[in-house]
Amino acid sequence: MDEKSPPYAECVLCRKPTEYPESVKGVVYCPVCEWQEAQRMACSG
């Protein structure tokens, strides 16, 4: 882990670190959950 990187926000689904900094407001997902959410939205629409 790079010490210079900012703390990352936790995924709202699995609590893993996301690619977003903690300062991001709202719901954030890790890449895996983000992909799964996108699949779910695509199927439901």
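The values are calculated or read from the model by the stated rules, or taken from the named source; none is laboratory data. Since this is a predicted model, take the numbers as computed values, not measurements. Neighbour counts are summed over all protein chains in view; Cβ atoms, including those assigned to glycine, are modelled from backbone coordinates with ideal geometry. Heads up: the accessible areas ignore ligands, DNA and RNA and are worked out on the full protein's heavy atoms, side chains in. Shrake-Rupley method; radii C 1.70, N 1.55, O 1.52, S 1.80 Å.
Looking only at residues of segment 11-43 that are open to solvent by 90 Å² or more (accessible area, probe 1.4 Å) and not hydrophobic (A, V, I, L, M, F, W, C), we find that the one that is modelled with the lowest pLDDT is 25. Pairing residues of segment 6-21 that are over 17 Å from residue 36 (Cα atoms) with residues that are of a type in the set (Asp, Glu) and part of a loop (DSSP other than H, G, I, E, B), at Cβ distances under 9 Å and at least 6 apart in sequence or on separate chains, gives 6/22; 7/22; 8/22; 9/22.
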